[in-house]
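Below is one structure, written out as structure tokens; the observations come after it.
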Amino acid sequence: MTTERSPSRTIARRLVPRAALMIIVSSVLLGYFAIKVFDTAVEPELNRRTHLIGSMIRANIQLALDSGIPMEHLTGVDAYLDDVLDSFDEVLSITLTTETGSIVSEVQRNGASPPSDTSIPATDADMTESRHYRLNRVVMPILDGNKRVGRIVMEIDRQFITTQFRNIFLDIAVVIIVAMLLAFEIMLSVVSRSFIKPLDRLVELLKRQAAGNFSSTLGRASTGSLVDRVSERFSDHAVDLHSRIARLRDRSSGQSTETGRLESLGKRYGLQAGGPSRLSRRNTVDIRLPFFLFVIAEELSKPFLPLYIKARLGAPGWIGEELLISFPLVTYLAFIALLSPFARSLIQRFGSRHLFLFALIPVVCSHVGMALSDSVWEIMVWRGIVGGAYALITLACQDYALASVEGHQPGQSMGSFIAVLIGGTFCGTALGGVMADRLGQSNVFFASALVAILAGALALRLLDRDDTTAKDSPRRSIVRDLWRPFRNRRIATLLLGISIPTNALAVALLWFLLPLLLSDLGVSAADTGRVMMLYYLCIILLGPIAAARSGSMGSRLLLMFLGGALSGGALLIVAGSLSFWHLTLAVLAVGIGHSLLRAPLMAACVRIADEEFDPESKATLLGTLQMVERIGSAIGLVGIAILVGHFGFAPALAVTGTMAVIGTMVYAVPEALRLQTARSDP
């Protein structure tokens, strides 16, 4: 329930920001000290590792010398040193020389130059152990008895070490961000369950009883807190009044006058024949933590999923490789679109809580099945199952959040729901790449299953067991609902010009093109996840600003035009140069563009629905638009995969960007002319 200006809300507004600040400060300090410890420990470890590499090479050469083979006549050294070079990425080159300076063997990586100076400084003439006398070189003597007969010179790639340190730093940063957001959700859940909900329900009960309504109780609480004891006391008042009037009804049975007076008294004070009902315990915060974890579990595989599918393709046959890779992604979208229309009837029949818990079972099984899959067709099946379950769980959580407000502030409840959805996507995408690099891709799916199980356990504990639902709504034709938006020219141009191209562009770029492109460039899954994270970061930071600026039709049209042109134009530009930084800037530009147009797009849909649709059609319009968007995204993804297979990545990106720009113009120009005409008319 939601009560305006309740004492719990007043206290929570002061408590939550302070607690959030403590979480941020502690997380930043933890990250700082973790990086500091790593920084102080890494140099000695690298020195020891380099010493061990040199000692291993020297020991093997020493065996040959001890057998009586002269240094100049050693054979097979090049092959041996090549194997060492392949085993240790930080070594750029290895040179084996005699004491006089002649080179016995010399190997280096592609692009690395051999050392120009292999001599040992005079100050180190008697050294018998490895010593760093330059930042990127290690020289070790080779002894034959007590006589020095040669030396090993290793060039160390300091850039490799710097890159490894940067990766660890970024991984720690990602973990800290995820930990902060998770800690915030846990804090909200704990504060709501232990403080906000009990106090809000007590205030609501007192308001009802002060108005003469004794129809509700709060039930028995097990915490024994002061608020719970007060709640039990006032609940007992309602129970006592119901039991007294029930006894009076029994005594006056057959006396019409007394019975009429008792019925009138019962209606006046809410004293029902069946006893008092329990006041709903629903709260929007209840669903936040379970849904947040569920979204994280679902998004963990996004940074590497196309690569995981590609590794299990086998022989593509007459179907192109890129098209086969897209099949599981398309199946996922198709099942979301197909099962979304049935979610409402399932919620009405089973309740949001039960549907959430039941749908988690196939989600867990699908993640385990993905980890064990050996072919693209198995992956298709599992992705289809998890897509259908995702649709049911998302709509069940949305319904629970909306039902919690009981008609008050639905916009605030939906805003909270969307914030959790975007936040979970942000965390799952960033964390999934790190886990794939550190644990392996298959193990990430097992981790997803464990996180989904944890989400179910929390839902079992946090969600209200009295999951009442609305009455069944009349059945509607799905085909008629799908066709209805296209009967209206303004809605049709909005869908075909802005909505479908926007969603198709985001799905194709983030789920399909970006992982494959970055993998071809040698970028790790962790870096891929961090690049994808930028898109959702833009939505989080700029989305609320765009929503606040989309009040008028003119501002909405301008934001949609800028967003569509920016996202489409970015792909057109990056198609000419598919480098890591260009792709990163393209993702950032698409994120900014989509954050500008998403809120105005939804506002425009609502405005057009208010102007040109009857109330019955308007009630189902937004849900229908989402279903059409997903179907359009699936079709667009197939088309882009075909383009990639036949023409390559650059033309596919160019076509996708061009379609986005053209679609924006198709919608924006007629709407701008219409707006100008409306303003010029008296």
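Go through the residues of segment 167-182 one by one and say whether even a single one is at pLDDT 80 or above, among the small types (Gly, Ala, Ser), in a strand (DSSP E or B) and in contact with a helix residue (DSSP H, G or I) (Cβ under 9 Å, 6 or more places away or on another chain). No, segment 167-182 contains no residue that is at pLDDT 80 or above, among the small types (Gly, Ala, Ser), in a strand (DSSP E or B) and in contact with a helix residue (DSSP H, G or I) (Cβ under 9 Å, 6 or more places away or on another chain). Inclusion of Ile177 among residues that are over 20 Å from the mean Cα position of the chain (by Cα) and hydrophobic (A, V, I, L, M, F, W, C) is not warranted. So, in segment 77-94, exactly how many residues are free of Cβ contacts under 8 Å to residues at least 60 places away in the same chain and part of a strand (DSSP E or B)? Summing the residues that are free of Cβ contacts under 8 Å to residues at least 60 places away in the same chain and part of a strand (DSSP E or B) in segment 77-94 gives 0. For segment 271-311, the tally of residues that are in a loop (DSSP other than H, G, I, E, B), of a type in the set (Lys, Arg) and at pLDDT below 85 stands at 2. The set of residues in segment 180-219 that are in contact with a Leu (Cβ under 7 Å, 6 or more places away or on another chain) and small (Gly, Ala, Ser) comprises Ser189, Ser216. If the condition is being part of a helix (DSSP H, G or I) and more than 22 Å from Ile631 (Cα to Cα), then segment 324-358 contributes Ile347, Gln348, Arg349, Phe350, Ser352, Arg353, His354, Leu355, Phe356, Leu357, Phe358.
Each row is one residue, and each column tells you yes or no for (1) in contact with a Lys or Arg (Cβ under 7 Å, 6 or more places away or on another chain); (2) modelled with pLDDT under 55; (3) farther than 14 Å from Ile142 by Cβ; (4) not polar (S, T, N, Q).
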position	(1), (2), (3), (4)
Asp83	no, no, yes, yes
Ser87	no, no, yes, no
Gly101	no, no, no, yes
Asn110	no, no, yes, no
Met127	no, yes, no, yes
Ser130	no, yes, no, no
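Report yes if some residue within segment 314-323 is modelled with pLDDT of 85 or more, assigned to a helix (DSSP H, G or I) and under 20 Å from the mean Cα position of the chain (by Cα); otherwise report no. Looking for residues that are modelled with pLDDT of 85 or more, assigned to a helix (DSSP H, G or I) and under 20 Å from the mean Cα position of the chain (by Cα), one finds none in segment 314-323, hence no. Against the condition touching a residue at least 40 places away in the same chain (Cβ under 8 Å), over 18 Å from the mean Cα position of the chain (by Cα) and crowded, with 19+ Cβ neighbours inside 10 Å, how does Ser555 come out, does it pass? No; evaluated as a whole, the condition is false for this residue. Answer with yes or no whether Val666 is assigned to a helix (DSSP H, G or I) and free of Cβ contacts under 8 Å to residues at least 60 places away in the same chain. Spelling it out, it is not the case that Val666 is assigned to a helix (DSSP H, G or I) and free of Cβ contacts under 8 Å to residues at least 60 places away in the same chain. Counting only helices (runs of 4 or more DSSP H) that sit completely within segment 408-516, those holding 2 or more residues that are modelled with pLDDT of 90 or more, in contact with a Gly (Cβ under 7 Å, 6 or more places away or on another chain) and within 25 Å of Val644 (Cβ to Cβ) correspond to 410-439. Entry remark, segment 559-588: residues being crowded, with 17+ Cβ neighbours inside 10 Å and under 23 Å from Ala419 (Cβ atoms) number 5 in total.
The values are calculated or read from the model by the stated rules, or taken from the named source; none is laboratory data. What you see is a predicted model; the values in this text were computed from it and never measured. With ideal geometry, Cβ positions are generated from the backbone for all residues, glycine too; neighbour counts draw on all protein chains shown.
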